[in-house]
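Throughout, read-outs are computed from the coordinates displayed, never taken from laboratory work. Quick caveat: nothing in here was measured; it's all calculated off a predicted structure. Cβ sites come from the backbone with ideal geometry, for glycine too, and all protein chains shown count toward neighbours.
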Amino acid sequence: MAWVHTSGGCEVARRVQGHAKSNVCVKCERSAATSRARRARRNDGPRARDTTNRSDATSGVGLPMTERGIAARPKQSLGQNFLVDPNMIRQITAAFVDAVEQAEEVCQDGDSKQSTGRNVVEIGPGFAALSQLLVRRFPEMLGLEIDQRAVAHLNEFLPEFNVVRQDVLETDWKALASERAVGANSGKLYVIGNLPYNIISQILFSLIESCEAVDFAMLMMQLEVAQRVAAPKNSKAYGILSVMCQLYTEPKILFQVPPSVFRPKPDVTSAMVILKFRDKCNPRLDQVDPNHLRQVVRESFQQRRKQLRNSLRLTMSQVGVTELSERWASRRPQELDPEEFIDLTYDLFGPVSPDGDTNMTGVWRTKSNKERSRKEDAAPAL
């Protein structure tokens, strides 16, 4: 009889006379065989994939980007999670190309014209998971990347891709749109990116601040954030991000993205979201100070379970209002449409003064961490 495996380890629980002492526990023998097989696979290395019949760029440009590995170790400080699954890469690329073609279905002279991508901008191309495919369709596209390792790598292995080292939070989207509009089918930008999850809100607000410069943005973000961006009123996810994104864009969740398509694997499910910026925003936005709008929205949702007559006490005291009008007093913030927050701000603060500034730049987002770039310069390449 074989040895019996117990919780305390592999011991001789009982033996039949005549069996050798070298008998091995059946469970341990199976475990040992599995370990030997794993060691053999590691020594042989991963099996090479047959890419001879592949027509897509995920295997044809010489970048060391595979399902099993990436060109360099992801930096946690930059929130890097690299896409490595070819099927998901193709799905995202196809969705973006379709969106561009819909936006440029007919050019100004009425003739069909394929975009060369001068107004296509990729945020954080990393090691070119998406760029390898996109640059074939949009040869004049631009990439904004903060990681110097990735910039150097792309310049070497994908020289036809125009990538610059740039912190996306320092990007002047209006100036970039004016620069890239020369020779483009549209004067507005088409933005795509797999966003660092630690600065998603800041990137969204930076795009909103330059809403007139962007046609649409197709962005990868956490599913939870995507649900907040697209949440309808009276839902649990409806909040500050919902109000601001829906005031300036028409957000839509395209599809979910599982953790398994990234290296390293994030702890959350992601989603691809498209935000179509409105051609004409609510004209009343020009009648209120954006700082006042920010104050009203934030203060309202900080105590979302309370009625507005209670949650806005500080603002009411600031402007000398003792009671809210009947339209607002007994309502809660999640019951208001995004446009109603403009009306609420107008009722509290009145119209912006003639010499007032309605520029949104810097109102909603915090200051970019410039020290991050300096630290990354000093960090050794891995």
Within the stretch 76-281, the percent of DSSP beta bridges that are antiparallel, given to the nearest 5, stands at 50
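Here is the link list: LYS236/LYS276; LYS174/LYS276; LYS233/LYS306; LYS252/LYS276. Which ones come out longer than 19 Å on Cα distance?
On the way: LYS236/LYS276 23 Å; LYS174/LYS276 17 Å; LYS233/LYS306 16 Å; LYS252/LYS276 8 Å.
The pairs that break the limit, which is 19 Å between Cα atoms, are LYS236/LYS276.
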Starting with the highest mean, order 298-308, 218-228, 89-99 by the number of other Cβ atoms within 10 Å, averaged over the residues of each peptide.
218-228, 89-99, 298-308
So how compact is the stretch 76-281: Cα radius of gyration and Dmax in angstrom?
16.2, 51
Contour minus Cα-Cα span, SER353 to ASP98, at 0.36 nm per residue, comes to 87.5 nm
